[in-house]
Every structure is written in structure tokens, then in C-alpha cells.
Amino acid sequence: MNAVFQLDLQRTEGVLLVRFKENQLDFMHCDEAFEELNAIVAQEQPRLLVLNLRRVSHLHSVSIGRLVFLNQLVKTHGGELRLCSLAAQPKEALALTRVERVLSIFASEQVALCELN
């Protein structure tokens with residue numbers, strides 16, 4: 001993992017919980033974060049991937065596109081992607097782009113992990 005952008009990963013029985021440690025998913029950090037996530041999903045194929053975005057205060061358009069791609073990748077491997085704990089700006093960005101219709105968004109990490117299908 002690159003020291004510039006860090007992710008906190010927790011694995012439990014087919015569930016991968018990812019907590020972002022940075023406050024922005026911008027052009028500089030987006031590529032390395034999602035390259036790492038894409039590689040993990042391809043290798044581990046979790047049935048549930050939960051991204052806790054509590055610390056992410058700003059979500060750029062490139063990151064939104066990467067979230068959509070990650071969602072497709074997770075589904076291709078038979079899993080589900082869930083976002084949780086979004087701050088106001090990321091929530092608004094997803095609503096403005098209508099991406100919230102495609103992604104599963106939960107109020108908290110606990111709710112995202114508890115409501116397993």
C-alpha cells in the first residue's frame with residue numbers, strides 16, 4: 001500500500017470493510033485508492049464490500065466514476081458494494097449525478113453490515 005493514501009481494511013467471512021483515512025478522493029489520491037480496491041476485489045471476491053466514507057469530506061467526479069466501476073466489478077464477482085457514513089458533500093455529489101440510484105448507501109457502518117441479504 002502506498003504511504004500517500006491509506007485504507008484501513010478489515011476482513012470477516014466474505015465481508016470486506018474499508019475505512020478511508022483521507023478526507024478527499026481527489027485526482028491525486030483516486031487512482032491509487034481504487035487500483036488497490038480493484039485488485040483486492042479481483043483477488044478476494046468478497047460477497048460484501050462496505051466502504052466507510054466517514055472521513056471523506058469531498059468526493060470528486062473522477063472518484064464517482066471509480067465508485068460506479070468498482071460497483072460493477074464487485075457485482076461481476078457475485079458480491080455487493082455498500083457505501084456508508086457519507087458526509088454532506090459526497091452525499092450531495094452522488095445525488096446530483098444520480099449515482100445514488102445505482103449504489104447502495106447506508107447511514108452507518110453498523111447498518112450496512114447488519115442488513116445482509
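Only the coordinates and a few stated rules stand behind these numbers; no lab work does. Just so you know, these numbers come straight off a predicted model, no measurement behind them. With ideal geometry, Cβ positions are generated from the backbone for all residues, glycine too; neighbour counts draw on all protein chains shown.
At-a-glance table
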read-out	value
Fraction of beta bridges assigned by DSSP in the chain that are antiparallel (%, nearest 5)	30
The chain: relative contact order in percent, alpha carbon pairs under 8 Å with at least 6 residues between	24
In segment 73-115, the trypsin sites (Lys or Arg not before Pro) that fall in loop regions by DSSP, at most 13 other Cβ within 10 Å	R98
Sequence of L96, L67, L73 once ranked by neighbouring C-beta atoms within 10 Å, starting from the fewest	L96, L73, L67
Full-stretch length increase - E32, A107 - with 0.36 nm per residue and alpha-carbon distance subtracted	24.4 nm
Residues H60, H77 arranged by fewest to most Cβ contacts within 10 Å	H77, H60
Nonlocal amide H pairs with R82, under 5 Å, H built at 1.01 Å	L49, V50, L51
Approximate spin-label separation D8-E44, in nm, with each point projected 7 Å along Cα-to-Cβ	1.5
The chain: DSSP helices with Cα axial extent of at least 20 Å and average Kyte-Doolittle hydropathy no lower than -1.0	27-44, 61-76
nm² value of the averaged projected area, convex hull over the Cα atoms of the chain	6.4
Principal semi-axes in Å for segment 36-99 [√(5λ), Cα gyration tensor, largest first]	21, 12, 10
